[in-house]
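Trainee: Next up is a structure, given as C-alpha cells.
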Amino acid sequence: MKKRFLSKFVPVLIGTLVLTLCACGDETAPAADDLPAIDAAEILQYQVVRSDYAEGDLVKCGMDVRYAFENAGYELKLTTDFFREGYPEYAMGDYEILVGETNRPESAEFLDSLQMWQYGYALVGQKIVIAGHDEETTRQAVEEFKSFLAGRTADGAPFSFSAADNYIYGEVKEGQGKVYSVLTVDFTRSNEREVTAEIEEYSPDFVIVRNADFAAADVLLPDGYALGADFAPDGSENGRRELMYYNTNTYTYSSEGSLMLSQMPMLTADEKGWFSYCVVRCAETKEKMVFCSADLSGVPANAVGDRLKVFGGFAEHCTGLPVLFGGMYDGAADSPACAALTEYGYADVFRLAKETEGEGAGMSLYASYNNIAVAKSVVTGHGLYTEFQRAE
C-alpha cells in the first residue's frame, strides 16, 4: 500500500518544495484549478530524460516511466541529458520529464529541497521531476509516480498534472492543535542548579535528563513536574541515571520501560547500548505520546544497525503514536544511527552532533515524521528545546 506522509518540519531541517501563494491588497491566491498544469495534449510534447551517466536500475527507472506513459496511452520519447552547447540536437529541452539526478537545473532545485532520505515528484517550472538522492530512493519515487499516473488515467481519463499533485515522501504540512514542548539536557555539562533553571525558564511539557547523578532524581524535580522514568543503564543504584519528567498540568502518566540493545553478558552497558521510554497522555486531548532516550556512543559503529533493530521492534508497537527519540550522542547525518532511525521512519529534528561546538554539541533529537510537525527547535545552554504539534 502506498504511504503518503504529507506534513512539514522546520525549514532549517527539512527542505521542501513549496509553491508560494500570497494574497496582497485585493489580490487573492489562485485556486487549485488556476495552478500551472500540463494537460493531455501538452504531455505529448514531452520526453523522458535520464542521466547520460545512469547505470543499473537508474537506467530502468527511465524506461519504466516511459512504459507507464505508454500504458496510459501516451507515446513519449526516452533520451538522456547529454548536452553540448551550440548543437541544437543536444540542447536542453523545454518539455521534459526528468528521472533521477540529471544535469538540468530543475533536477538540482528539486533535490536540494529534499533530505537524503526523501523522494518524490513535482512540477518544477514546466518540467516534471521524479527523483531521490540515490538509486533506491529514485526507484521509490518512480513507483510512486507510476501509481499516481495509473490512478489519474484510469478508465481512459485524460492525463493532467499540476503543482497540486506534487508529492514528497516524508514531507510534513502544517501541524495542528496543541503545541507541545520537550527539553533535553545533559547533566555532565551542567549541575543541578543549572538544569533546574533551564526547566523553569522554558517550562517544557516533558524533560529528558541525560547522565544525571544518582541523587538528582529528587533534587532536580521542580514544582509542577513528576518523575516519569528513572533508568540506571549499568544497573547500579548509585550509578548515573537517565531521568524523564512530565509536566503534570499537561500530561498524565501511562507507562515506562527500558531495554538493553544487546544481551551479550561480556559487554559493558555502554557497549550494549540502551534506550528507555515513557508513555504519557495529554490531559487536554487525551492523546498518548512516547518519549525515548538512548545512548549508542559506546556501541561499535558496525553494530549500531543491529542494536537499533530492537528499537525498530519497539517502534512497530507505537504505530500511530507520536514518538520523540532524544538524547543520543551518535546522531550525525552520516552516522549508522541516523541511517537506521531513518529506515524506521524517524527524521532528525535538530542535529548538533559533529556540527556544533559548545555545551549542546553531541545532542540530537529524532521524531516520527509521519505524525509530528516541529514548530521550533533551539540550542539552550545545556541541551535542546523543541516545540511540536501533531501533523496532518
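Trainee: Can you name the residue in region 307-319 that is out of contact with any helix residue (DSSP H, G or I) (no Cβ under 9 Å at 6 or more places or on another chain) and not small (G, A, S) and, of all such residues, is most open to solvent (accessible area, probe 1.4 Å)?
Mentor: Checked region 307-319; the qualifying residue most open to solvent (accessible area, probe 1.4 Å) is H317.
Trainee: Suppose we keep only residues that are among the acidic types (D, E) and in a loop (DSSP other than H, G, I, E, B) within region 63-96. Which one would you say is modelled with the lowest pLDDT?
Mentor: E85
Trainee: Would you pick out the residues in region 249-270 that are in a loop (DSSP other than H, G, I, E, B) and over 25 Å from the mean Cα position of the chain (by Cα)? Let's see the steps before the verdict.
Mentor: First, pick out the residues of region 249-270 that are in a loop (DSSP other than H, G, I, E, B): 249-250, 261-268.
N249, T250, S262, Q263, M264, P265, M266, L267, T268, listed by residue number.
Trainee: Also: Could you please find all residues in region 135-172 being touching a Pro at 6+ places or on another chain (Cβ under 8 Å) and either outside any strand (DSSP E or B) or at positive phi (or both)? Break it down into steps so the answer makes sense when it comes.
Mentor: We begin by selecting, within region 135-172, every residue touching a Pro at 6+ places or on another chain (Cβ under 8 Å); these are 162-163.
Result: A163, single match.
Trainee: Residue under question is L296, and the condition is that it be in contact with a Phe, Trp or Tyr (Cβ under 6 Å, 6 or more places away or on another chain), at pLDDT below 80, hydrophobic (A, V, I, L, M, F, W, C) and open to solvent by less than 50 Å² (accessible area, probe 1.4 Å); does it hold?
Mentor: no
Residue-wise test of (1) closer than 25 Å to S368 by Cα; (2) surrounded by fewer than 16 Cβ atoms within 10 Å (Cβ to Cβ).
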residue: P88; (1), (2): no, yes
residue: D94; (1), (2): no, yes
residue: A122; (1), (2): yes, no
residue: I128; (1), (2): no, no
residue: G132; (1), (2): yes, no
residue: T137; (1), (2): yes, no
residue: A150; (1), (2): no, yes
residue: T153; (1), (2): no, no
residue: P158; (1), (2): no, yes
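Trainee: Please work out which residue is modelled with the highest pLDDT, limiting yourself to region 138-175 and to residues that are among the β-branched types (V, I, T) and more than 23 Å from E75 (Cα to Cα).
Mentor: Applying the filter and picking the extreme gives I168.
Trainee: Failed condition for R193, given (1) in contact with an Asp or Glu (Cβ under 6 Å, 6 or more places away or on another chain); (2) more than 22 Å from S51 (Cβ to Cβ), with all others met?
Mentor: (1)
The values are calculated or read from the model by the stated rules, or taken from the named source; none is laboratory data. This one's a predicted model, so the numbers in the text were calculated from it and none came from an experiment. Note: ideal-geometry Cβ built from the backbone for every residue, glycine included; neighbour counts use all protein chains shown. When the accessible area is computed, the model is the full protein with side chains, heavy atoms only, and any ligands, DNA or RNA have been set aside. Shrake-Rupley method; radii C 1.70, N 1.55, O 1.52, S 1.80 Å.
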